[in-house]
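The values are calculated or read from the model by the stated rules, or taken from the named source; none is laboratory data. Predicted model, so just to flag it, every value in this text is computed and none were measured. All Cβ positions, even for glycine, are placed from backbone atoms using ideal geometry, and neighbour counts span all protein chains on display. With ligands, DNA and RNA removed, areas are computed over all heavy atoms of the protein, side chains included. Shrake-Rupley method; radii C 1.70, N 1.55, O 1.52, S 1.80 Å.
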Amino acid sequence: MPKVLISDKMDPKAAQIFRERGVEVDEITGKTPDELKAMIGQYDGLAIRSSTKVTKDILEAATNLKVVGRAGIGVDNVDIPAASAKGVVVMNTPFGNSITTAEHAIALMFALARDLPEADKSTQAGKWEKNRFMGVEVTGKTLGLIGAGNIGSIVADRALGLKMKVVAYDPFLTEERAIELGVQKVTLDELLARADFITLHTPLTDQTRNILSAENLAKTKKGVRIINCARGGLIDEAALKQGLDSGHIGGAALDVFVTEPAKESPLFGTPNFISTPHLGASTTEAQVNVAIQVAEQMADYLVSGGVTNALNMPSLTAEEAPKLKPYMSLAEKLGSLVGQLAHGAIDRISIHMEGAAAELNPKPLTSAVLKGFLGTQTDTVNMVNAPLLARERGMEVREIRTEREGDYHTLLRVSVRTADGERSVAGTLFGDQAARLVELFGIKVEADLTGAMLYVVNEDAPGFIGRLGTTLGEAGVNIGTFHLGRRQAGGEAVLLLSVDQPVTAELLATVKALPGVKTAMGLRF
Ligand SMILES: NC(=O)c1ccc[n+]([C@@H]2O[C@H](COP(=O)([O-])OP(=O)(O)OC[C@H]3O[C@@H](n4cnc5c(N)ncnc54)[C@H](O)[C@@H]3O)[C@@H](O)[C@H]2O)c1
Ligand SMILES: O=C(O)CC[C@@H](O)C(=O)O
């Protein structure tokens, strides 16, 4: 009988479902990493919320582990690459707590507007300070939404119901979807300049970390009130403290912190600052939803092999799996490449399957492309919800199959339509196994998309490769593989290098300053 450990506080429905489905279950919460490490070896499944950190170290000790189930959305407490490397499926429950979290953001917005926590404290202290508390109405005010995905769009809906104006900054939001939501799509600078209230609903990524930096906070309207129920790290906490102290920021409410549990913070005690201990998902309804969902998904997998909402494994039948596996990897890499390189809103993505690829079941390949593509925008995407998310974002998804072989006996091409036109990348399988990029935005370039990579577009000129190599060497960056392509001699050239060290902002700035460089970016696969 498979055995599961529930290591974070979870609604009792989870344990009940496990038992009903023939899975033995232990509920042991509050263990230290070392204690968890000592016991994890006996379990086939680990059901968690946000407290348990499923690190590489824990996974090393998890000799029987087959599945980690996150009762919630964010999986930043799970080392997914390490889990994948160990063949451990990681599942989440992407929608079970969205309404609840959106409601928490709205609750905090009202708490800020009327200074409710302080008024409560003063009244209960017997002070009756009626003249001290003067709030603001939300009606007619502008709410700036940073991130308009599941939770952001529910917040928008509720705010519109409160007669607020909603402006949204989300680079992946299409105009059509914005109209459907009733929000105005704006740039980040416009949002900062216009919003009376700002609420954050993005994952924490390299692009969103410190999105409310000191510089951006300085661009906000005086008196702005800020709410973060998404992830700690989206706001520079020191700059937020300064803004509150100076009076530029009228109030801030944080449910999430850079370091959690946040038992101390310079923000604590600051006037007009409100905090809750990561309570966004903490309602009876949401916890029942996510507990039921995670237990059903994990039991399905452990008992019958069914895979739902996995972040690191495709849903496949036993017969299709071995044939599709190398294609799935190619498809996800091509989707990720185009997601990392194509800028702006994308309203159409086309997946062309040519030659041998045209004979395969296109659905898992399409899901893999979409997962790779959307994975550059959100950490909640998986093989199952990728097509749905793409649809919700107003993206048209096309599958085109051509059985005739072209230059390669099998080829996948992924094209996206952006405001600048159609852009496409293509790849093949060498020896029916090894995924290789063969074309990038019309330029033939053969590359293995793996790990950290540096992408450079430059003018093809003698001496450039030498200069680039020297620059990387001086920065202590070792080149693993080097791939080169160009439109024509002396024309636009593309370089893709796999590197052993991370591509830092400093390195990119140095590379961009080299003569002839048009673009330089770090990529990750
Ligand atoms: N406080 C809590 O208890 C709690 C509960 C649930 C979810 N969350 C967190 O809330 C966040 C949002 O969850 P969700 O379900 O809405 O996720 P989602 O993936 O549906 O939406 C995230 C949105 O952020 C957008 N985005 C990505 N990069 C961006 C960028 N650079 N700038 C602006 N927008 C960007 C994406 O396009 C997407 O629309 C996640 O971080 C999640 O972990 C917190
Ligand atoms: O489980 C929780 O309490 C928090 C969940 C939330 O952060 C999520 O990402 O779903």
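Please give the helix 362-374 orientation as an angle from the longest Cα principal axis of the chain, in degrees from 0 to 90, rounded to the nearest 10. Helix 362-374 sits at roughly 60 degrees to that axis. On C-alpha positions alone, give me the angle between the axis of helix 237-246 and the longest principal axis of the chain, in degrees, nearest 10. With both axes taken from Cα atoms, the answer is about 40 degrees. Scanning the chain for GluC sites (Glu not before Pro) in DSSP loops with at most 16 neighbouring Cβ atoms within 10 Å leaves 1-128 as the longest stretch between them. Around the amide H of Thr519, modelled in the peptide plane, lie the amide H atoms of Val457, all under 5 Å away and 5 or more residues distant in sequence or on another chain.
Remark on the range 394-477: Rg and Dmax equal 16.6, 49 Å (Cα only). Under the simplified labelling scheme, the Glu180-Asp120 pair shows an inter-label distance of 3.7 nm, with each label point 7 Å from Cα along Cα→Cβ. Close amide-amide hydrogen proximity is noted between Ala168 and Leu145, Gln184, Lys185, Val186, each under 5 Å apart and 5 or more residues distant or on a separate chain (H modeled in the peptide plane; Pro and chain starts excluded). Only DSSP H runs of four or more residues enter the estimate; each adds -39500 (n - 2.57), and after division by the residues of the chain the mean residue ellipticity at 222 nm equals -10000 deg cm²/dmol. Considering only the Cα atoms of the range 55-121, their convex hull presents on average a projected area of 6.6 nm². Against the main long axis of the alpha-carbon atoms of the chain, helix 284-304 sits at an angle near 30°.
Note on the chain: with neighbouring protein chains present and a 1.4 Å probe, carbon and sulfur make up 51 percent of its accessible heavy-atom surface. Solvent-accessible area per residue in the chain equals 44 Å², computed with a 1.4 angstrom probe and all protein chains kept. Summarising the amide proton neighbourhood of Thr276: residues at separation of 5 or more, or on other chains, whose placed amide H is nearer than 5 Å comprise Leu254, Asp255. A crude spin-label estimate for the pair His343 and Arg524, with each label 7 Å from Cα along the Cβ direction, gives 2.0 nm. Where the alpha-carbon atoms of the range 231-347 are placed on the principal axes, they occupy 63, 40, 25 Å, in descending order. With N the number of residues in the range 92-147, Rg(Cα) / (2.2 N^0.38 Å) evaluates to 1.52.
When DSSP beta bridges are restricted to pairs lying wholly in the chain, around 50% turn out antiparallel.
Surface listing: Leu181, Leu160 arranged by accessible area from highest to lowest gives Leu160, Leu181, probe 1.4 Å. As a ratio to 2.2 N^0.38 Å, the alpha-carbon radius of gyration computed for the chain takes the value 1.04. Computed over the range 242-337, relative contact order equals 18 percent, with contacts defined as Cα pairs under 8 Å that lie 6+ residues apart. Coupling constants for the range 125-131 follow from the phi torsions by the Karplus curve (6.51 cos²θ - 1.76 cosθ + 1.60, θ = phi - 60°), and in residue order they are 7, x, 8, 6, 8, 4, 7 Hz; glycine and proline get x.
Among the protein heavy atoms, those of Lys444 account for about 120 Å² of accessible surface (1.4 Å probe, every chain in place).
Does the range 370-525 come out rounded, prolate or oblate, given a ≥ b ≥ c as the square roots of the eigenvalues of its C-alpha gyration tensor, rounded meaning a/c under 1.5 and, failing that, prolate meaning a/b above b/c? Prolate, since a/c reaches 1.5 and a/b exceeds b/c. The HN-Hα couplings worked out from phi for the range 448-454 by the Karplus form 6.51 cos²θ - 1.76 cosθ + 1.60 (θ = phi - 60°) are 8, 8, 8, x, 7, 9, 10 Hz, whole numbers, x standing for Gly and Pro.
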